[in-house]
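The values are calculated or read from the model by the stated rules, or taken from the named source; none is laboratory data. Small disclaimer: the values here were computed from a predicted structure and weren't measured. As a convention, Cβ positions derive from the backbone with ideal geometry for all residues, glycine included, and neighbour counts pool all protein chains shown. Accessible surface is based on the protein model in full, side chains and every heavy atom, while ligands, DNA and RNA are left aside. Shrake-Rupley method; radii C 1.70, N 1.55, O 1.52, S 1.80 Å.
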Amino acid sequence: NFRKAFDGFNAKKISNYRQGKIKKLLHDTGIIRNRLKILGTITNAQQFLATQKEFGTFSKYLWSFVGDKTIVHKHQKTSAIASTSKESDALAKDMKRRGFKFCGSTVCYAFMQGAGLINDHLVSCSRYQVCKKLAIKK
């Protein structure tokens, strides 16, 4: 529903949304219909494009917060997995400075895990070694 409502997550299209599209989104029962979050999505698309232009790619921007290499933890227990880190704190702070919305440290940390900047799989998990081998190291 979100992919359809937000034009396949095309940042250029989203960055140009105006009142008509916002009104349509506010009436779309398939998504969260919160005006501030919809406006935040538009702002974030604009900031994404500006950051991408500044760094060449948004990926270069993100990887700079982990020293251009995947952080590989060696967690034995789920309780050892954090929800934030100094890297996600720094990313969230910089994104806020750039004008991004709804991008706190916990959200940034979860994104960093999902994007492969942080490997928080338990060492006993079958995905741990696979992800460790895929880890970017520069």
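Could you check Asn44 against (1) assigned to a loop (DSSP other than H, G, I, E, B); (2) open to solvent by less than 40 Å² (accessible area, probe 1.4 Å) and say which number it fails?
Evaluating Asn44 over (1) assigned to a loop (DSSP other than H, G, I, E, B); (2) open to solvent by less than 40 Å² (accessible area, probe 1.4 Å) leaves (1) as the failure.
Applying the selection to the range 47-61, what residues are surrounded by fewer than 17 Cβ atoms within 10 Å (Cβ to Cβ) and among the hydroxyl-bearing types (Ser, Thr, Tyr)?
Thr57, Ser59
Can you list residue pairs whose Cβ atoms sit under 9 Å apart, with the first residue in the range 10-24 being touching a residue at least 12 places away in the same chain (Cβ under 8 Å) and among the hydrophobic types (A, V, I, L, M, F, W, C) and the second being surrounded by fewer than 13 Cβ atoms within 10 Å (Cβ to Cβ) and in a helix (DSSP H, G or I)? Count only pairs 6 or more apart in sequence or on different chains.
Going by the 9 Å Cβ cut-off, the qualifying pairs are Ile22/Arg35.
For the range 62-93, how many residues are open to solvent by less than 60 Å² (accessible area, probe 1.4 Å), in a helix (DSSP H, G or I) and touching a residue at least 24 places away in the same chain (Cβ under 8 Å)?
Number satisfying all stated conditions: 8.
How many residues does the range 1-41 contain that are among the β-branched types (Val, Ile, Thr), more than 21 Å from Gly104 (Cα to Cα) and open to solvent by 50 Å² or more (accessible area, probe 1.4 Å)?
So the count comes out to 1.
Among (1) part of a helix (DSSP H, G or I); (2) within 22 Å of Arg3 (Cα to Cα), where does Lys101 come up short?
Failed condition: (1).
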